[in-house]
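Okay, structure first, notes after.
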2 protein chains.
Amino acid sequence: MNVVIIGAVALGPKAACRIKRLDPEVKVTMIDRDSIVSYGGCGIPYYISGDVSEASQLQTTSFHMVRDQKFFKKAKDVEVLTQTEAIAINRENKTVSVRSMEDGTERELPYDKLILATGSSPRRINIPGSDFENVFTVANIHDATRIKELIAKGNAGTPVVIGGGAIGLEMVEAFADLWGLDTTLIEVQDQLLPGLISPKMSAMVKNHLAEKGVEKVYLQENVEEIGGEGRVEWVRTNKRTLKADLVVMAVGVMPNSRLAEKAGLEITHGGAIKVNKQFQTSDPDIYAGGDCIENIHLVTDAPVYFPSGSLANRHGRIIGTNVLGGAEEFAGVVGTFILKVFDMAVAATGICLQKAQSTGKDVFSTFVVQGDRAHFFPGMDLMYLEMVADRKNKAVLGVQGISENGDALSARINAIGAVLPSKPVIRDISNLELAYAPPFSAAMDIVNALANTAENILAGKNRIIDVAEFEDILGGPAEKDCIFLDVRGPANAKPYVDAYPGLWLNIPQDELRDRMDEVPKNKNLILICNSGVRSYEAQITLDQENIFSTKNLQGGVAAIKKYGVKIL
Amino acid sequence: MNVVIIGAVALGPKAACRIKRLDPEVKVTMIDRDSIVSYGGCGIPYYISGDVSEASQLQTTSFHMVRDQKFFKKAKDVEVLTQTEAIAINRENKTVSVRSMEDGTERELPYDKLILATGSSPRRINIPGSDFENVFTVANIHDATRIKELIAKGNAGTPVVIGGGAIGLEMVEAFADLWGLDTTLIEVQDQLLPGLISPKMSAMVKNHLAEKGVEKVYLQENVEEIGGEGRVEWVRTNKRTLKADLVVMAVGVMPNSRLAEKAGLEITHGGAIKVNKQFQTSDPDIYAGGDCIENIHLVTDAPVYFPSGSLANRHGRIIGTNVLGGAEEFAGVVGTFILKVFDMAVAATGICLQKAQSTGKDVFSTFVVQGDRAHFFPGMDLMYLEMVADRKNKAVLGVQGISENGDALSARINAIGAVLPSKPVIRDISNLELAYAPPFSAAMDIVNALANTAENILAGKNRIIDVAEFEDILGGPAEKDCIFLDVRGPANAKPYVDAYPGLWLNIPQDELRDRMDEVPKNKNLILICNSGVRSYEAQITLDQENIFSTKNLQGGVAAIKKYGVKIL
C-alpha cells in the first residue's frame, strides 16, 4: 500500500509516523516544497527573540535528533522528498504529479491513499512596497533566520509589526524584549486580539505592552504604503508615517487549498478543503486536516477556521488511523488557546463577547479578579477572567483570561475548555471541581467565583459597570451625577479621596450599616473596592435601605490599574 | 426567618454569607466551639513551616480583614457565637441547645432552618503515650501555634509524623524544609498516599523526600507506643524505636456526626450524616455539607468520603441557596486534588489503579513522561502522568501525576477532572483540547500522548514493563534471561553499557533496521530510551522482524531516575 502525504510539517509527519506504527509494511512518502521539514513553526517567535538560540532546535526531537530526511528514513522508515512541489492530483489514476524545485524534473507518485497536509499561508497586504525584501511574514525558518540575522547585524532597529493578533504580539515581544528594539505595532481593528478577547481585556494587554516599553501600538490604522530607497525606510498608515527598517506582516493565514481545488475536491465557503468528520475530502481516498481545513466550533456549531499546530497533530493521528481503515471521528474544537505577551499570558476558550453578540443571542459577560492561589500563600498573583454566557438559557459560551502565570491560567482555561463541548450552563462552572491546595488555588477557585458572579448578575443582584464605562464617566459628562463610593479601608481609599474631593467618597463596607446617613441619596453611586467583592456586599446592603441607584465596578481598583486608567 | 449554623469554618461562613446576600432580612446565627472561626485550615502546614508568618493571615480576607465575630457582625450582619457548643438538636421544637464553654450557661436557639457544618475531627491512634501534650493532630490554629512555638523555642528538633497521606506529607515538608528539622515519617501501609496514587508514583515521591534530606520514611510500620519522661522522648514501632520530641498524628479524619446521630438523623455506613442531592438530611429543615457528609463519586458511582476545604465552600453556597427555597443539586465529586511536597507537586483526579482494581474491573495503567511545555522552550521540565482505564469499555477512571511545576500539573489534571463526570473513554482524552503555545505546552500535549499511549497498550502494540518490574529484574533471578536494549544515542547509553557489560546493549533506534543482526534473538529484550517513545518505535521495528520477546520500559530512564533505582 502506498500513502502519499503532501506537506511535511506537524500533521504530515504525525500521520506518517502513525501509519508506520500501525502497519510498518505500508510505504509512506511525504513531500514538501521546503528543504526544512517537521519543524515547530509555533516556536519561530522564540527563535527570533533568542529564547531558542538555534533554528535547528525547532527541528529536533525532544531527544535532540534533527527531524530531517535521513531521520525520517532511518528512524521512521518514511521517505521524504524535500524541495518538491505537488503540481497536480490525478484522481483517476491515483497519482500526484510532483516537480523537483532543484532541477525541475517531474514525476508521478502513485498513491492508494493521499493526505493533504498543505497547511496555511500567511496573508500579505497588497500595498506599494510590500515586496521589499525586508518585508516579512512569519511563515518558515528561512524567513525567521533572515530576520534574526538582520537584527543581529544591527540592520533592524525599528521594526514595525502589522497585525495585533497572536503572532503579531509574539513578534512584538520577540523584537522588544531581549533585543530591545524600538518596536511599533499596527492593528487595523479597534483592539488587539480582535475576535478573541473583549476590548476591555485587550486594553489590559495594550497597557502591559506600554509597561514593557512598547508604547507605539496604533489601533484602527490602515497601512497604506511601505517605502524607502532599495529597502524599507518608512511605513505610512492613514494617520501617520513611521520610521521602519523591518516590517513583519502578521495579518492572519489562509488555508492552502489550491491544489485540492484544481483536483476538483470540494472547497468550503471559507476557502478550506471540505472534509467529513473522519477527515475524508469529497474523494474518499484523499484525506485532509490541520491548517488547510475548517473545524466545527462546538460552542457555535458553525464551521470555524482555527489554525493550530496542536490541532494539526491531533488531526494527523486520526488521519493516520483512518487511512488504514479506521473510522475515528473528530467532533470539533472549542478554540482553546494561550499566548505569552512579555510577563502576561492571555488565554481563552469558547467565544468572546463580541463573537457571541454577533450570533444574535442575548449575551452578557462577567469579569472577575481573584488570586491564582490562596491569598495568604507567598507568590499569589491576581488573575483576571471574563465569562461570556447566554442570558436566556444560561449557556456558558466562553471564558477569556489574563495572568502573569500562564500555567496557572491554563489550569483554569483548560478545565473550562474541557467541559465546553458538553454545553455547560453557568451552574456547572460554579460546581466545577478543580485541584485545591493553598499553593495552587483558593478554596473557592476563581473559576467557581466567576460563575457564581455571573449567576448573581443574571439574578439582578449584582448590578455592574465595567472599567471601560468607569473610564468614560471619569471626567466625562456623567461625572457630575455620580459619586464613587469606595468601600475599602481608609488607607486604601485615601489617595483617591484626596485626588477627587467631592467625587470620591470612602465608607468601608463593614461600617456602611452604621454610617448609612453619610451615603448620598440623590446621586448615581459607583461602588468600588479592590476586586468587586466588597462593593457587591455594599450594593446588597444599600438595596436593603432602598438605595438602588448603585453600580458595582467589576474588578474594582485591580481592573482600573490593569486597564491603565490614568487615575492617580 | 431564623437560620442557625453549627460550625464556623469553610462551609458555615460560606452558607451564612450566601444566605445574607440572597435575603438580608434573614437572621443568621453561627456557632462554634472554637474562639477562632472562619480560618483557612488547609493553610496550617504553611503557617507551621513559616511560609505564612502569622496565624492571623489564615483568618484574614484577601483584603486583610480578620474574619472574627466583629467582622461577621459588621461586614456580613451574621451573628457568631464562639466558644459555644451545640449539645442537642430538638427537632420537634426546632431549637438547638447550646452551652457556653466560657461560663457553662445553656440556652436554646430557635431555628427555621438548621445547617450542620460540623466538619471532621482528626483520628488519633489509641496507643500508650498518645495523650502526651506534645502529641498533636493538625486540627486547628491553636495546635498549630503550639507546634510552631515548640520549634521556634528549640524544643522540637526530631519530629515524628505518623501518616503518609496528604497532611502528613505537608507536615514533613513544614518541619524539614525551612526549619531543617530531623524529621521521620511513618506510614502503616506499604506506600505513601495510599489509595490516591500508585505504589510506583508513591516511590517517586519517597525518592524526592530522600533528595530533600528526609531519608527516614518508614513504610509498613505500626506505631505501638509513644514514651518518655513527662514528654515525648521516643516513638516505638513494630520495627524500631525512634528518638522523638514532637509527634504529629496525621492518620485521617472522621466526619463529626454525633450531634446529628443523637438527634435521630440518618447516618451513613461510613459514619457521615446522610443527605440528599440538595444537602437535606433526613429532616428536611436540617441541611449538612462539607466534611461531615459523604459525596457520590462520579467515577465509581459509589459514596466516597472526600474532606476538602474547597468542596465545603461549594457545598456551602448551594446550601445557602437551598435553605431559602432553592433546589440546587450537587451531583458529586471526582476526587481531584493537588499537593505540594517540597519541589514536587502531586495531583490526581478520579481513582488510582489499586482502587480501580478493588472494584473488580479489568483495568490497566499507562505511565508517560513528557515535557510540561515545548521541549525547545527554556525552563521545560518533565512531567509524569499515569492513567487508569478499563480494558473492556476503555473508560478512563483516573489520572495521577507528579511535576515540579504544580500549576502546569493542575493545567492537565483539572482538564481531565472536568470531563470525568461525563465518563470519557480513552479516545476522548486523546482528543482533549488544551491551550497550546510553546511556553506552556507541547504541540501534542502530555495529556493527549498519555491517552494515545494507553490506546497503543490496549491494542497490544505497545507491550510494556514498568519501572518497579524493571527494578525487580535488575540483579534478580530473571536478569540472566534478559538483555536491556538501550535505543538512545551512544553518548546517553555508554555509562550504562559500561556498568552492565553483557546485560546492557546499545543500538540507537534509528540504526536498528541496519543493525538487526546484532539483536540477541534468544533473550527477553527490555527496550529502553529516555521516556519510552523511541523504545516503542524499536518494539514495532522488532515486531516487523518477528522478534516479539520485547517489553518497552514505560517512562524509560526518566522513570528509572525519578523512581530512584540505584543503577549507576
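The values are calculated or read from the model by the stated rules, or taken from the named source; none is laboratory data. Not measured: the values here are computed from a predicted model. Glycine also receives a Cβ, built like all others from the backbone with ideal geometry; neighbour counts cover every protein chain displayed.
Structural remarks
- Among residues of the range A:417-426 being closer than 21 Å to residue B:315 by Cβ and more than 7 Å from chain B (Cβ to nearest Cβ), the one that is surrounded by the fewest Cβ atoms within 10 Å (Cβ to Cβ) is A:425.
- Test: residue in the range A:276-288 that is acidic (Asp, Glu) and in a helix (DSSP H, G or I): no
- Residue within the range A:32-49 that is more than 28 Å from residue B:529 (Cβ to Cβ) and polar (S, T, N, Q) present: yes
- Of the set (1) at pLDDT 95 or above; (2) out of contact with any Asp or Glu (no Cβ under 7 Å at 6 or more places or on another chain); (3) surrounded by fewer than 24 Cβ atoms within 10 Å (Cβ to Cβ); (4) not hydrophobic (A, V, I, L, M, F, W, C), all apply to residue A:268 but (2).
- Qualifying positions in the range A:394-404 - crowded, with 19+ Cβ neighbours inside 10 Å, within 14 Å of another protein chain (Cβ to nearest Cβ), out of contact with any Pro (no Cβ under 7 Å at 6 or more places or on another chain) and not hydroxyl-bearing (Ser, Thr, Tyr): A:398, A:399, A:400, A:401, A:402
- Members of the range A:394-415 found to be small (Gly, Ala, Ser), closer than 17 Å to residue A:445 by Cβ and not in a helix (DSSP H, G or I), listed by number: A:401, A:403
- Residue B:21, sole failed condition from (1) facing chain A (nearest Cβ under 10 Å); (2) touching a Ser or Thr at 6+ places or on another chain (Cβ under 6 Å): (2)
- Residue check for residue A:551: surrounded by 20 or more Cβ atoms within 10 Å (Cβ to Cβ) and not in a loop (DSSP other than H, G, I, E, B): yes
- The lone criterion from (1) crowded, with 20+ Cβ neighbours inside 10 Å; (2) touching a residue at least 24 places away in the same chain (Cβ under 8 Å); (3) under 30 Å from residue A:94 (Cα atoms); (4) aliphatic (A, V, I, L, M) left unmet by residue A:275 is number (2).
- Filtering the range A:249-275 to residues that are assigned to a strand (DSSP E or B) and touching a helix residue (DSSP H, G or I) at 6+ places or on another chain (Cβ under 6 Å) leaves A:255, A:267, A:273.
This table checks each residue for (1) under 25 Å from residue A:419 (Cβ atoms); (2) not assigned by TED's automatic domain parsing to the domain that holds residue A:114.
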| position | (1), (2) |
| --- | --- |
| A:280 | no, no |
| A:288 | no, no |
| A:309 | yes, no |
| A:316 | no, no |
| A:343 | no, yes |
| A:351 | yes, yes |
| A:356 | yes, yes |
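- Residue in the range B:448-456 that is in contact with a Ser or Thr (Cβ under 6 Å, 6 or more places away or on another chain), free of Cβ contacts under 8 Å to residues at least 24 places away in the same chain, of a type outside the set (A, V, I, L, M, F, W, C) and at the interface with another protein chain (Cβ under 8 Å from one of its Cβ atoms) present: yes
- Failed item, numbered, when residue B:480 is tested on (1) closer than 22 Å to residue B:200 by Cα; (2) part of a helix (DSSP H, G or I); (3) without any contact (Cβ under 8 Å) to a residue 12 or more places away in the chain; (4) not hydroxyl-bearing (Ser, Thr, Tyr): (1)
- From the list A:487, A:497, the lone residue that is outside the structural domain of residue A:387 (by TED's automatic domain parsing) and in contact (Cβ under 8 Å) with a residue 12 or more places away in the chain is A:487.
- Top-ranked residue of the range A:304-340 - restricted to ones that are more than 17 Å from the chain's Cα centre (by Cα) and among the polar types (S, T, N, Q), ranked as farthest from the other protein chains (Cβ to nearest Cβ): A:322
- Some residue of the range B:370-393 being buried (at least 22 other Cβ atoms within 10 Å of the Cβ), part of a strand (DSSP E or B) and within 14 Å of the chain's Cα centre (by Cα): no
- Residue tally, condition under 12 Å from residue B:556 (Cα atoms) and aliphatic (A, V, I, L, M), over the range B:469-492: 2
- Among the residues of the range B:508-519, those identified as within 24 Å of residue A:64 (Cβ to Cβ), within 14 Å of chain A (Cβ to nearest Cβ) and either surrounded by fewer than 20 Cβ atoms within 10 Å (Cβ to Cβ) or touching a Gly at 6+ places or on another chain (Cβ under 8 Å) (or both) are B:508, B:511, B:513, B:514, B:515.
- Among strands (runs of 3 or more DSSP E) entirely within the range A:185-248, having at least 1 residues that are touching a Ser or Thr at 6+ places or on another chain (Cβ under 6 Å) and among the aliphatic types (A, V, I, L, M) singles out A:223-227, A:241-243.
- Looking across the range A:78-111, just one residue is acidic (Asp, Glu), touching a Lys or Arg at 6+ places or on another chain (Cβ under 6 Å) and within 23 Å of residue A:13 (Cβ to Cβ), and that is A:85.
- When we screen A:285, A:291, A:301, A:343 for residues that are more than 11 Å from chain B (Cβ to nearest Cβ), among the charged types (D, E, K, R), touching a strand residue (DSSP E or B) at 6+ places or on another chain (Cβ under 7 Å) and more than 22 Å from residue A:121 (Cα to Cα), the only hit is A:285.
- In the set B:44, B:6, B:36, only one residue is more than 14 Å from every other protein chain (Cβ to nearest Cβ), among the aliphatic types (A, V, I, L, M), surrounded by 24 or more Cβ atoms within 10 Å (Cβ to Cβ) and touching a residue at least 60 places away in the same chain (Cβ under 8 Å); that residue is B:6.
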